[in-house]
Structures are given as structure tokens and as C-alpha cells.
Amino acid sequence: MRVIRKNSIMQKVADRLREEGKSIGFVPTLGALHQGHLSLMERARRENDILIISIFINPTQFGPGEDYKRYPRPFEKDKLLARREGVDIIFYPSVSEMYGKGYSTYVEVEKFSKSLCGLFRPGHFRGVASVVCKLFNIVKPNVAYFGQKDYQQLKIIKRMVEDLNMEVEIRECAIVREPDGLAISSRNSYLSSQERKEALSLYKALKCVKSLIKVGSSISDVVSEMEKIIQRESHAKIDYIEIVDPLTLEDVKTIRPGKKVLVALAVWIGNTRLIDNMLVRRM
Ligand code: AMP
């Protein structure tokens, strides 16, 4: 396994691999690798000749006052996990390598960036789209893997790839959860043991509304039931609970029989912002 820190070297290596006819599978991450990341890597390993991951905590996707500085950076442990997963190359650039002097270009995906997390984290998706665009130009993957855990991000990346005619295929991977249902996230490491218990309320709320939606409850009943479950926890503060069309991310007013919706939420547990979602079909 190789660690590459320079854009120009990564590009040369990618060019050579492509000339040899190898397919490059790519998993971009912020590091602090966990089972969610590993599931993407496992699939990418299976489906490609070469597996490249990136570890880059991208400053442009963090807002002022967010957790950029305290985001975990266990690079040695990440290396071990990546090696075990059969990763061929970790692309691990520095901030100055990615954003050189005079850097000034950003990608804005207008359609999906303004709702849900976009309302609460202005500039976040602009940072994400820009860095993923750069990473695609540097790593030159044939296929890139993204988790449904960040459903809005996935939609934005797919839109960008289509709109900008990028020659990379995006594959979606299911959310990986802890045995009790909590969606795995690098940010779960911020939680105290009490907060960890409270964090389970996101999953409890999703599971509960799944049965409500299936039998045709109204949107307002569904949302208020979720609010009830989450507000029981003393450290919880809801940013949003939304029921949206999974294709457009627009609000759904009524859920017709047979219709699939995305239930998405963002909740602070103490100082940790957690997101989760579930696709649910009404019977
Ligand atoms: P991150 O390092 O948080 O930016 O995540 C890198 C990739 O892993 C993104 O495509 C995420 O959607 C995906 N991911 C993170 N957590 C999970 C999870 N619990 N299940 C599935 N995919 C995940």
C-alpha cells in the first residue's frame, strides 16, 4: 500500500493505471475510518482492479465554529485499517497541496444545496462539491463510492457529475449501523456515554415512523411523533426533521400509497451534530 501526498504524483500514477487498462475504484473520506467507510472500501475492492481512498479533512466544507480543528485525525490507525481492507493507495494531501496560493475556484450545485443540511451549514456543500471535483481530477477514478448516510451529499455529487460531464460512475452504498441501530459516524467519538444513549433516539424515531408511514399516517403526525421521541432526551436539539421526495429532495405534502419518501433528520446531542435518514415506502 502506497501513501501519496502530492497531486502531480497521484495524477501520474492514475494515468499509468488507466493506460494499463485497470479500473480505479475510489472512496473519498475525511479519515477516522470506521465500519461505514470500510463497507464502501470492501465493495470498491471487489468491483475494481485498483482501490484508492483519500483522507483529507477539507477545511472549505466546515463553517466557522464547526469541528474542523477537533475532527479526529488517527492516521496511523487509518493506515492499518486501509491495509487490511486491501487498499492500494491512500491519497493523503495537505491543505496547502489542495488549496495553493491564490486558490479561487468553487463548484456550486444549486439544485440540492439549499434545503436540509444546506440551510444549517451554509457553504458546506459548495466545499464538498469543490473538493470532490478536485479529487476526481487528481485520482481519475472510473467508479466512486458514496454512502447513503450522507444522502444529500450523494444527490449533489451525482448532479455535479452529470452536469459537468465527469467520466466517473457514482455508486451508492447502504448506511452501516451499530448493532443497536445508531448510524456509524466519526463524530460518534465525541459523545459521552450518556450522550451515546441519547443519540439512539434518532434511530428510534426513524424506526417508529417507518411503521407509521407504512400504514398511511399524515406527515404532521409522523413529524410530531419523531419530535416527541427525540425531545425526551435531555441533551437533544433538533435542527430539522424533514420528509422529502428522494429524487428531488423537495418537501412531500402527502404520502400516497406506494410512494417512497426520504425521512431525514439532523439533531444535536450536546455539542455533536448527528444526521441520519431512512427511505420508507407507504404500503
Ligand atoms: P466521511 O469521512 O464522513 O466524509 O465519509 C466518507 C464516505 O463514507 C461518505 O460517502 C459517507 O457517506 C460514507 N459513510 C460515512 N458513514 C457511513 C455509514 N455509517 N454507512 C455508510 N456510509 C458511510
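Points to keep in mind about this one:
- Gly31 being within 15 Å of the ligand (Cβ to nearest atom), within 12 Å of Ile89 (Cα to Cα) and out of contact with any Lys or Arg (no Cβ under 6 Å at 6 or more places or on another chain): no
- Check on Lys77, under 24 Å from Ala264 (Cα atoms) and assigned by TED's automatic domain parsing to the domain that holds Lys155: no
- Number of the exception - Gly86 against (1) in a loop (DSSP other than H, G, I, E, B); (2) within 16 Å of the ligand (Cβ to nearest atom); (3) surrounded by fewer than 19 Cβ atoms within 10 Å (Cβ to Cβ): (2)
- In this entry, Lys149 passes the filter for residues that are under 16 Å from the mean Cα position of the chain (by Cα) and either away from the ligand (no atom under 12 Å from the Cβ) or open to solvent by 20 Å² or more (accessible area, probe 1.4 Å) (or both).
- All conditions in (1) closer than 16 Å to Gly63 by Cα; (2) surrounded by 22 or more Cβ atoms within 10 Å (Cβ to Cβ); (3) of a type outside the set (A, V, I, L, M, F, W, C) hold for Gly127, with the sole exception of (2).
Here's the yes/no breakdown for (1) crowded, with 18+ Cβ neighbours inside 10 Å; (2) within 17 Å of Gly36 (Cα to Cα); (3) free of Cβ contacts under 8 Å to residues at least 24 places away in the same chain:
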site: Ser96; (1), (2), (3): no, no, yes
site: Gly102; (1), (2), (3): no, no, yes
site: Thr105; (1), (2), (3): no, no, no
site: Gly123; (1), (2), (3): no, no, no
site: Val143; (1), (2), (3): no, no, no
site: Gln153; (1), (2), (3): yes, yes, no
site: Cys173; (1), (2), (3): yes, yes, no
site: Ser192; (1), (2), (3): no, no, no
site: Arg196; (1), (2), (3): no, no, yes
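- Count - residues of the stretch 104-132 that are touching a helix residue (DSSP H, G or I) at 6+ places or on another chain (Cβ under 6 Å) and on the phi > 0 side of the Ramachandran plot: 1
- Residue in the stretch 162-171 that is within 30 Å of Glu20 (Cβ to Cβ) and within 13 Å of the ligand (Cβ to nearest atom) present: yes
- Selection within the stretch 179-190 - part of a loop (DSSP other than H, G, I, E, B) and surrounded by fewer than 17 Cβ atoms within 10 Å (Cβ to Cβ): Pro179, Asp180, Gly181
The values are calculated or read from the model by the stated rules, or taken from the named source; none is laboratory data. Predicted, not measured: the structure shown is a model, and the values here were computed from it. A quick note on method: Cβ atoms are made from the backbone with ideal geometry, for glycine too, and the neighbour counts reach across all protein chains shown. Accessible surface is based on the protein model in full, side chains and every heavy atom, while ligands, DNA and RNA are left aside. Shrake-Rupley method; radii C 1.70, N 1.55, O 1.52, S 1.80 Å.
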